[in-house]
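K.L.:
I'd like to ask you about the structure that follows.
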Amino acid sequence: MKNFISVNDVADINALVQKAIAYKAHPLKDIALGTHKRIGLLFLNPSLRTRLSTQIAAANLGMEAIVFNMDKEGWKLELEDGAIMDGTTVEHIKDAAPILGSYFDILCVRTFPSLLNRDDDYNEVLLSRLIEYAGLPIVSLESATLHPLQSLTDIITITENFKEVRKPKIVLTWAPHIKPIPQCVSNSFAQWINAWGEADFTITHPEGYELGEQYTTGATITHNQQQALADADFVYVKNWSSYQDYGKVLTENPEWMLTNKHLSATNHAKVMHCLPVRRNVELSDEILDGPQSLVSQQGANRVWAAQAVISELLKN
Amino acid sequence: MKNFISVNDVADINALVQKAIAYKAHPLKDIALGTHKRIGLLFLNPSLRTRLSTQIAAANLGMEAIVFNMDKEGWKLELEDGAIMDGTTVEHIKDAAPILGSYFDILCVRTFPSLLNRDDDYNEVLLSRLIEYAGLPIVSLESATLHPLQSLTDIITITENFKEVRKPKIVLTWAPHIKPIPQCVSNSFAQWINAWGEADFTITHPEGYELGEQYTTGATITHNQQQALADADFVYVKNWSSYQDYGKVLTENPEWMLTNKHLSATNHAKVMHCLPVRRNVELSDEILDGPQSLVSQQGANRVWAAQAVISELLKN
Amino acid sequence: MKNFISVNDVADINALVQKAIAYKAHPLKDIALGTHKRIGLLFLNPSLRTRLSTQIAAANLGMEAIVFNMDKEGWKLELEDGAIMDGTTVEHIKDAAPILGSYFDILCVRTFPSLLNRDDDYNEVLLSRLIEYAGLPIVSLESATLHPLQSLTDIITITENFKEVRKPKIVLTWAPHIKPIPQCVSNSFAQWINAWGEADFTITHPEGYELGEQYTTGATITHNQQQALADADFVYVKNWSSYQDYGKVLTENPEWMLTNKHLSATNHAKVMHCLPVRRNVELSDEILDGPQSLVSQQGANRVWAAQAVISELLKN
């Protein structure tokens, strides 16, 4: 693995999952691997779980982690080639990247989409420029379109909770929210579950919320949530804004909020969410406080996903 | 000790003070105690001394400390049960707490009161929810109503500066300020001095500034500052807003600002303040720059107070 | 070396440069030097390279570095003696400094000029008060008037890139910018090159941009950029606001922007800039992306400059 930007960087998903599960059992078994190695965590947007879990993962591998909140402690980066920088951007990624590359052994970065211009967001300019100019392994801590550490965590959690020989039925369901939310977590979950190939995978959402086909091809897609949920083993709940009518909120229909009533047709489904979750908007209290919720386990597993990825990058 | 929220968590104040004084003499004597243990420092409000001293205390015990400024790097937490989260709060404490609990061995948190609703503030909902849901030892780095690490520091400093066999006379005096200030430091100092039981303790303030009786019972209370100061060995200077007329500034009477003139009736009293102090508003330059001030010693002692507390929690 | 505020703190510039170059070859050779020592990095203004490079330098020497963003995580400091603190400042430097001094072994601080009042800025009150009250070695991470770690980096980079026996011709040229910029980097570069004494040094800028003579004496000064650039071996490009008409932008004349055309009269000059650089405003893309640019090397060398300085201070 050279970078960790999407599932395409992973040669063997199950091997990476097992590596993470092994770290969960023995967090410090590779503490010598990263001695005197340095990892930079560059945040262009806020983060709780991702920041902490990546710092902890790095520490478990003996690395020194340095966090940098570019939006608050730094300044605005220019991404466009040939720009005449007489506006609000203070430094070009072409100038900042090689220096960050000289300071660290691995560089992690979080950025969000604007949700204003789909082409700009889906081109992932920041990440591709970093890879081009920084000259060291880049890890996405969530980008404009994907959140691969979250998706790896999700497959780890599904693997821990499904011990049958058949394929599990996994449903990704849209949920209401009060404001426009990126498609990243949903895109990435779809991309990983499809690449994994070990599930019967259905995506359900209201009309107009179709995700990009580059991620969803392979899944069953339906606007009928109840039909989708039938016999589900795992229900992944997530809001996203429209990809077609880019960044728009088309409905806040509360019937799509997951409640115990919705779970009745499932196969005692476990319920997943990447957090933070808007209680009683996306998901009901009764589910989050009940025995079918996996959200805390997902949050805790973020450490082991990050540790497996960093470990892979260190070995190269 | 299971948590460190108030003096009620401490079985033996003097033993904890002596533990801190021993660390001051030999900061690194227990550096193996916290190896591969992790402490989280969660700030919902800004901090200078508390943040730095706690980081240093943790390092002296061999722990890894991770600081997280929730207000700036994170998002607003929901504390109310059953809330329909369609407003400004982004994550419920019930969802965030177990994950923080899984990431750390000890979790420290700073929060401030709103000074708008006394019941809300004095219920200390954030701390009690963290204790309920995070499942690990919680340390208050100042809460809505108390500041126990400061009070422990204060008793350490008093112990270092009073070598007579009799009880010292300690006076907590209100001082003017330009804006509404929490009652935390004053509540906590009163609670600790009363629980300690080794002082003749007087509290003095203008009418209307009575602190909660749950903290002050045991102290002599008077509105006559000069009378209170007579024969004092230690004068603790602090502003607070009204507890009765909650959060209000009732007077800025500059006569209450402590000057050398006020000290003349004392027993060469040492003067204490938790810092930050508004010079020439709360306390005069002549005192702060003079030989009777203990404020720098107090600030430096913050490290040893934190180290003693973390050490106690690690031993459990 | 007791503090590191300006070139005047350095007994032997070349020895310090060689120390840095030795660390570049063997970053961890003195990792035992700072064991259980603690360095504080106090930022009153934002920083990217300086913050990261100093943290890394400290880690290479085995020190624990604690970063503190005073402007965002702390509060506003009062610097004036005798101030009645009933305004926006929350803590006096006289009270904060001794406590920071008790927490750390070395204290680094970054602050910027106001560009509103020249006397205030050029008095460097914050730094001198810290030195007076904190009681430990102080390192400037850029101050109101100077940026000594940058200048040390610059001489390291020049030393690495000039192997002839004659003195190199070094030109500091003003460049356009869209807003008022401090004189720090330019003042400091001039001060260091003059103190170094191993270059033929020319400063060129439009009329009205004369830097303070306390820094420039010894250099040739001209308003004719093309004449200045003739036969230059190194061209240091930097914008600064007026020192005479303090803090003002007198011209944005784009002819002063350095392009390949400007380089034709030089001796295949290497081009330097401290970064961040406004591309196509201060310096053209063709230069920054071409073989004559040293900016990435300068940025990377920041680590070794900081490491040499911290190492010197630790030895005392």
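The values are calculated or read from the model by the stated rules, or taken from the named source; none is laboratory data. Owing to the predicted nature of the structure, the values given are computational and were not obtained by experimental measurement. So basically every Cβ, Gly included, is an ideal-geometry build from the backbone, and we count neighbours across all protein chains shown.
K.L.:
So A:G62 passes all but one of these: (1) among the small types (G, A, S); (2) modelled with pLDDT of 95 or more; (3) at negative phi. Which condition number does it fail?
P.N.:
Going through (1) among the small types (G, A, S); (2) modelled with pLDDT of 95 or more; (3) at negative phi one by one, A:G62 breaks only (3).
K.L.:
Between a residue in region A:292-316 that is free of Cβ contacts under 8 Å to residues at least 12 places away in the same chain and any residue that is part of a helix (DSSP H, G or I) and surrounded by fewer than 24 Cβ atoms within 10 Å (Cβ to Cβ), which pairs come within a Cβ distance under 6 Å, given they are 6 or more apart or on different chains?
P.N.:
Short answer, once both residue conditions are applied: A:S296/B:P98; A:A300/B:S102.
K.L.:
Which ones in region C:83-115 are in a loop (DSSP other than H, G, I, E, B) and not hydroxyl-bearing (S, T, Y)?
P.N.:
Taking region C:83-115 and keeping what is in a loop (DSSP other than H, G, I, E, B), we get C:83-90, C:104-105, C:111-115.
Within region C:83-115, C:A83, C:I84, C:M85, C:D86, C:G87, C:V90, C:F104, C:D105, C:F112, C:P113, C:L115 qualify.
Results for (1) within 13 Å of chain C (Cβ to nearest Cβ); (2) at pLDDT below 95; (3) surrounded by fewer than 23 Cβ atoms within 10 Å (Cβ to Cβ), shown as yes or no for each residue.
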site: A:R38; (1), (2), (3): yes, no, yes
site: A:L44; (1), (2), (3): yes, yes, yes
site: A:A57; (1), (2), (3): no, no, no
site: A:V67; (1), (2), (3): yes, yes, yes
site: A:M70; (1), (2), (3): yes, yes, yes
site: A:M85; (1), (2), (3): yes, no, yes
site: A:S102; (1), (2), (3): yes, no, yes
site: A:S114; (1), (2), (3): no, yes, yes
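K.L.:
Right, here's the next one. Residues in region C:209-243 that are among the charged types (D, E, K, R) and over 25 Å from C:N280 (Cβ atoms): how many? Steps first, answer last, please.
P.N.:
Narrowing region C:209-243 to residues among the charged types (D, E, K, R): C:210, C:213, C:231, C:233, C:238.
If we keep only those that are over 25 Å from C:N280 (Cβ atoms) as well, we get C:210, C:213, C:231.
The number of residues fulfilling the criteria is 3.
K.L.:
Quick check: anything in region A:273-287 closer than 19 Å to A:V17 by Cα and touching a Phe, Trp or Tyr at 6+ places or on another chain (Cβ under 9 Å)? Talk me through it step by step, then tell me what you get.
P.N.:
Step one: list which residues in region A:273-287 are closer than 19 Å to A:V17 by Cα, which gives A:273-274.
Within this subset, residues satisfying the condition of being touching a Phe, Trp or Tyr at 6+ places or on another chain (Cβ under 9 Å) are A:273-274.
Yes - at least one qualifying residue is present in region A:273-287.
K.L.:
Scan C:L28, C:L61 and give me the residue that is surrounded by fewer than 21 Cβ atoms within 10 Å (Cβ to Cβ), in contact with a helix residue (DSSP H, G or I) (Cβ under 7 Å, 6 or more places away or on another chain), more than 19 Å from C:A97 (Cβ to Cβ) and among the hydrophobic types (A, V, I, L, M, F, W, C). Please lay out each step first, then the result.
P.N.:
Details: C:L61 fails: surrounded by fewer than 21 Cβ atoms within 10 Å (Cβ to Cβ).
Exactly one residue qualifies, and that residue is C:L28.
Here is a yes/no grid of residues against (1) out of contact with any Pro (no Cβ under 6 Å at 6 or more places or on another chain); (2) within 13 Å of chain A (Cβ to nearest Cβ):
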residue: C:T220; (1), (2): yes, no
residue: C:Q226; (1), (2): yes, no
residue: C:G247; (1), (2): no, no
residue: C:V271; (1), (2): yes, yes
residue: C:R279; (1), (2): yes, yes
residue: C:R302; (1), (2): yes, yes
residue: C:I310; (1), (2): yes, no
residue: C:K315; (1), (2): yes, no
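K.L.:
Are there any pairs with C-beta distances below 9 angstrom linking a residue in region B:1-19 that is over 23 Å from B:L41 (Cα atoms) and crowded, with 18+ Cβ neighbours inside 10 Å to a residue that is among the aromatic types (F, W, Y) and modelled with pLDDT of 95 or more, with the two at least 6 apart or on different chains, and if so which?
P.N.:
So the pair list comes out as B:I13/B:W192; B:I13/B:W196.
K.L.:
Follow-up. Name the residues in region B:104-162 that are out of contact with any helix residue (DSSP H, G or I) (no Cβ under 8 Å at 6 or more places or on another chain), of a type in the set (D, E) and farther than 29 Å from A:R51 by Cα, would you?
P.N.:
Correct list: B:D119, B:D120, B:D121.
K.L.:
From the set of residues in region A:87-100 that are within 7 Å of another protein chain (Cβ to nearest Cβ) and free of Cβ contacts under 8 Å to residues at least 12 places away in the same chain, which is nearest to C:L52 (Cα to Cα)?
P.N.:
The qualifying residue nearest to C:L52 (Cα to Cα) is A:I99.
K.L.:
Let me ask you something else. Counting only residues that are of a type in the set (S, T, Y), in a loop (DSSP other than H, G, I, E, B) and surrounded by fewer than 19 Cβ atoms within 10 Å (Cβ to Cβ), how many does region A:200-246 have?
P.N.:
Within region A:200-246, the first condition is being of a type in the set (S, T, Y), and the residues that meet it are A:202, A:204, A:209, A:215-217, A:220, A:222, A:236, A:241-243, A:246.
Pick out the ones that are also in a loop (DSSP other than H, G, I, E, B) and you get A:209, A:241-243, A:246.
Applying the additional criterion that residues be surrounded by fewer than 19 Cβ atoms within 10 Å (Cβ to Cβ) yields A:246.
Number of matching residues: 1.
K.L.:
Follow-up question, since we're still on this one. State all residues of region C:267-280 that are free of Cβ contacts under 8 Å to residues at least 60 places away in the same chain and under 15 Å from the mean Cα position of the chain (by Cα); if no residue qualifies, say none.
P.N.:
C:H273, C:V277
K.L.:
Follow-up question, since we're still on this one. So B:W75 ticks every box in (1) under 20 Å from the mean Cα position of the chain (by Cα); (2) at pLDDT below 95 but one. Which box is left unticked?
P.N.:
(1)
K.L.:
With the checklist (1) over 17 Å from the mean Cα position of the chain (by Cα); (2) surrounded by fewer than 23 Cβ atoms within 10 Å (Cβ to Cβ); (3) of a type in the set (G, A, S) in hand, flag the one item A:A195 doesn't pass.
P.N.:
The single condition A:A195 does not satisfy is (1).
K.L.:
Could you say whether any residue in region C:124-139 is free of Cβ contacts under 8 Å to residues at least 40 places away in the same chain, in a helix (DSSP H, G or I) and under 25 Å from C:E64 (Cβ atoms)?
P.N.:
Yes, region C:124-139 has at least one match.
K.L.:
How do the pairs read when you match residues in region B:225-244 that are at positive phi with residues anywhere that are outside any loop (DSSP other than H, G, I, E, B), using Cβ under 8 Å and keeping only pairs 6 or more apart or on different chains?
P.N.:
Taking only residues 6 or more apart or on different chains, the pairs are B:D231/B:K169.
K.L.:
Name the residues in region B:281-291 that are more than 9 Å from chain C (Cβ to nearest Cβ), touching a residue at least 12 places away in the same chain (Cβ under 8 Å) and surrounded by fewer than 22 Cβ atoms within 10 Å (Cβ to Cβ), would you?
P.N.:
Filtering region B:281-291 down to residues more than 9 Å from chain C (Cβ to nearest Cβ) leaves B:283-284, B:286-287, B:290-291.
Those left that are additionally touching a residue at least 12 places away in the same chain (Cβ under 8 Å): B:283-284, B:286-287, B:290.
Within region B:281-291, B:S284, B:E286, B:G290 qualify.
K.L.:
Give the residue that is farthest from the other protein chains (Cβ to nearest Cβ), with candidates limited to residues of region B:175-195 that are in contact (Cβ under 8 Å) with a residue 40 or more places away in the chain and of a type in the set (S, T, N, Q).
P.N.:
B:Q191
K.L.:
Looking only at region C:13-68, which residues are under 24 Å from A:M70 (Cβ atoms) and in a loop (DSSP other than H, G, I, E, B)? Please lay out each step first, then the result.
P.N.:
Taking region C:13-68 as the starting set, the residues that turn out to be under 24 Å from A:M70 (Cβ atoms) are C:39-60, C:64-68.
Result: C:L44, C:N45, C:P46, C:S47, C:L48.
K.L.:
Under the condition of being assigned to a loop (DSSP other than H, G, I, E, B) and within 20 Å of C:C184 (Cα to Cα), which residue from region C:249-269 is farthest from the other protein chains (Cβ to nearest Cβ)? Let's see the steps before the verdict.
P.N.:
As a first pass, look at region C:249-269 and keep what is assigned to a loop (DSSP other than H, G, I, E, B): C:249-253, C:257, C:259, C:264-269.
The next check asks that each one be within 20 Å of C:C184 (Cα to Cα); those that pass are C:249-252, C:257.
Numbers: C:V249: 13, C:L250: 17, C:T251: 15, C:E252: 9, C:M257: 10 Å.
Taking the candidates together, the pick is C:L250.
K.L.:
Name every residue in region B:143-165 that is in contact (Cβ under 8 Å) with a residue 12 or more places away in the chain and outside any helix (DSSP H, G or I), in order of residue number.
P.N.:
Filtering region B:143-165 for residues in contact (Cβ under 8 Å) with a residue 12 or more places away in the chain gives B:143-162.
Scanning region B:143-165 gives B:S143, B:A144, B:T145, B:L146, B:H147, B:F162.
K.L.:
For region A:156-175, which residues satisfy the criterion of being surrounded by 19 or more Cβ atoms within 10 Å (Cβ to Cβ) and over 18 Å from the mean Cα position of the chain (by Cα)?
P.N.:
Those that are surrounded by 19 or more Cβ atoms within 10 Å (Cβ to Cβ) and over 18 Å from the mean Cα position of the chain (by Cα): A:P168, A:K169.
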